[in-house]
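Accompanying notes for the structure given below.
No value in this document is a laboratory result; all are computed from the given coordinates. Note that this is a predicted model, so its numbers are computed, not measured. In this analysis, Cβ positions are derived from the backbone assuming ideal geometry, glycine residues included, and neighbour counts consider all displayed protein chains.
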Amino acid sequence: MTLSMVIIAAYLLGSIPTGLLLGKLYGIDVRTAGSGNIGATNLYRTVGRRVGMLTLIGDALKGALPVLAVKLSGLPAEMAAWVGLAAFSGHVFSLFLKFKGGKGVATALGVFLALAPLAVAAAIAVFAVVMLIWRYVSLASICAALAMPAVITAMDGDSRLKIATGIISLIVVVRHIDNIKRLLAGTENKFKA
């Protein structure tokens, strides 16, 4: 299997809109409910905790499975970072949603769990501290995304991993621009368990 074939397969898997499909099972088009986002937080708020968690798991698996497939298949290890980036890109720029999609946090989590699990532990710690103090999922997600390149660099990661991490982190932050504006305006919704 060539690198281009694996990247296309990873992109297509990433493009499957988990949250949209789960929402429709419950009679809700999440693009028109709550924040309009197809991610786990909006599903949690609009459909319920169980569906939000299923969306989180499904989106994370979309990121992790292609990377793990590369690692377990005997394909060159350097392919893994590009395959992870492709799966993440599929979620954020879904072929099935006219190149629109989610913010990428859960899919990035899956990618990084498969690529650099120790770095994920540090990012989760950042996420948890920010959530405990301020109770904003968006702020915690942004902070965790910004922490990943620093952690990967500190761990002396492969240059391909550093590049892919930087791109993924930048896209996650850019996809949160509206949240950043609401945070600055004081109108962002806090997380309620």
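Whole Å is fine, so just give me how far the alpha carbon centre of the stretch 100-164 lies from that of the stretch 21-45. Taking the Cα centre of each part, the stretch 100-164 and the stretch 21-45 sit 23 Å apart. Here the 3J(HN,Hα) profile of the stretch 128-134, calculated from phi with Karplus coefficients 6.51, -1.76 and 1.60 at θ = phi - 60°, is 4, 5, 5, 5, 5, 7, 10 Hz, Gly and Pro shown as x.
In order along the stretch 41-55, the phi-based Karplus estimate (6.51 cos²θ - 1.76 cosθ + 1.60, θ = phi - 60°) of 3J(HN,Hα) comes to 5, 5, 5, 4, 6, 9, 10, x, 4, 4, 5, x, 5, 4, 5 Hz; Gly and Pro are listed as x.
Extension gain for the segment Asn189 to Asp29, taken as residue separation times 0.36 nm less the Cα-Cα distance, is 55.6 nm to one decimal. For Lys181, no aspartates and glutamates have a Cα falling under 20 Å of its own Cα, not counting residues fewer than eight places away in the same chain.
Amide H contacts of Asn37: none lie under 5 Å away among residues 5 or more positions distant or on a separate chain (H built 1.01 Å from N in the peptide plane; Pro and chain starts excluded). Counting every other Cβ atom within 10 Å of each residue's Cβ, Glu78, Glu188 order from fewest to most as Glu78, Glu188. Here the dipole of the stretch 3-185 is about 580 debye; that uses its Cα centre as origin and unit charges on the Cβ of Lys and Arg (positive) and Asp and Glu (negative).
Note on the chain: GNM, Cα springs under 10 Å; of Gly101, Gly63, Gly23, the largest mean-square fluctuation is that of Gly23. Shape analysis of the stretch 88-193 places it in the oblate category; the axes a ≥ b ≥ c from the Cα gyration tensor give an a/c of at least 1.5, with a/b not above b/c. Candidates Ile28, Trp82, Ala154 compared by Cα position along the dipole of the stretch 3-185: farthest toward the positive end lies Ile28, with charges placed on Cβ.
Label point of Lys181 set 7 angstrom out along Cα-Cβ; within the stretch 1-39, amide nitrogens under 20 Å from it belong to 31-39. Relative contact order of the chain: 20 percent, from C-alpha pairs under 8 Å at least 6 residues apart in sequence. The chymotrypsin sites (Phe, Trp or Tyr not before Pro) of the stretch 8-117 that DSSP puts in a loop, and whose beta carbon has at most 15 other beta carbons within 10 Å, are Tyr26, Phe99. Taking Lys and Arg as +1 and Asp and Glu as -1, the other residues whose beta-carbon sits under 14 Å from that of Thr107 total +2. Across the stretch 57-67, computed HN-Hα scalar couplings (Karplus, 6.51 cos²θ - 1.76 cosθ + 1.60, θ = phi - 60°) run 5, x, 5, 5, 4, 4, x, 6, 4, x, 5 Hz from first to last residue, x flagging Gly and Pro.
Listed peptides 13-21, 114-122, 148-156 appear in the order 13-21, 114-122, 148-156 once ranked by packing, highest mean of other Cβ atoms within 10 Å at the front. Values of log10 I(q)/I(0) for the chain across q = 0.09 Å⁻¹ run -0.31, by the Debye formula with one identical scatterer at each alpha carbon and no solvent.
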